[in-house]
Amino acid sequence: MVEYRNLMEDIVMQNLDAVISAGGGCTCDACKSDVAAYALNHLPPHYVATRQGRLLVKLKSYELQSRADVVAAISEAAVLVSKSPRHGRS
C-alpha cells in the first residue's frame, strides 16, 4: 500500500509557533491546534507519495510567495482563534 502525506501540514507546523508568537497569540495546545486546522483548511494541500515528491514540495515551500501564503493563513487563523479561544470554555 502506498502511503500519502500532506506536506502542507509539515510546512504549517514548522511556521506555527513563530507566527503565533509574533502576533501575540495564545500558544496553548488547544489554540495551536485550532490555528493549524484553520490554516490548513485555507491552504492548498500538497500530497506526496514518493521521496522525490517530498523534495519538490519542500523546495516549493521555500519560494517567497508560497511562504507568504502560509504565514498569511496562520496569521489570519491566529487572529480568529484569539477572538474566541476554545481553551477558556467549560
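The values are calculated or read from the model by the stated rules, or taken from the named source; none is laboratory data. As the structure is a computational prediction, the values presented were derived from the model and not from experiment. No Cβ is skipped: glycine too gets one built from the backbone with ideal geometry, and neighbour counts run over all protein chains shown.
Miscellaneous remarks
- Residue check, V81 closer than 16 Å to M13 by Cβ and touching a Gly at 6+ places or on another chain (Cβ under 9 Å): yes
- Residues located in segment 58-90, provided they are modelled with pLDDT under 90, of a type in the set (S, T, N, Q) and under 17 Å from the mean Cα position of the chain (by Cα): S61, Q65, S66
- Of all residues in segment 30-57, exactly one satisfies the criterion of being over 14 Å from the mean Cα position of the chain (by Cα) and closer than 17 Å to L16 by Cα, namely A30.
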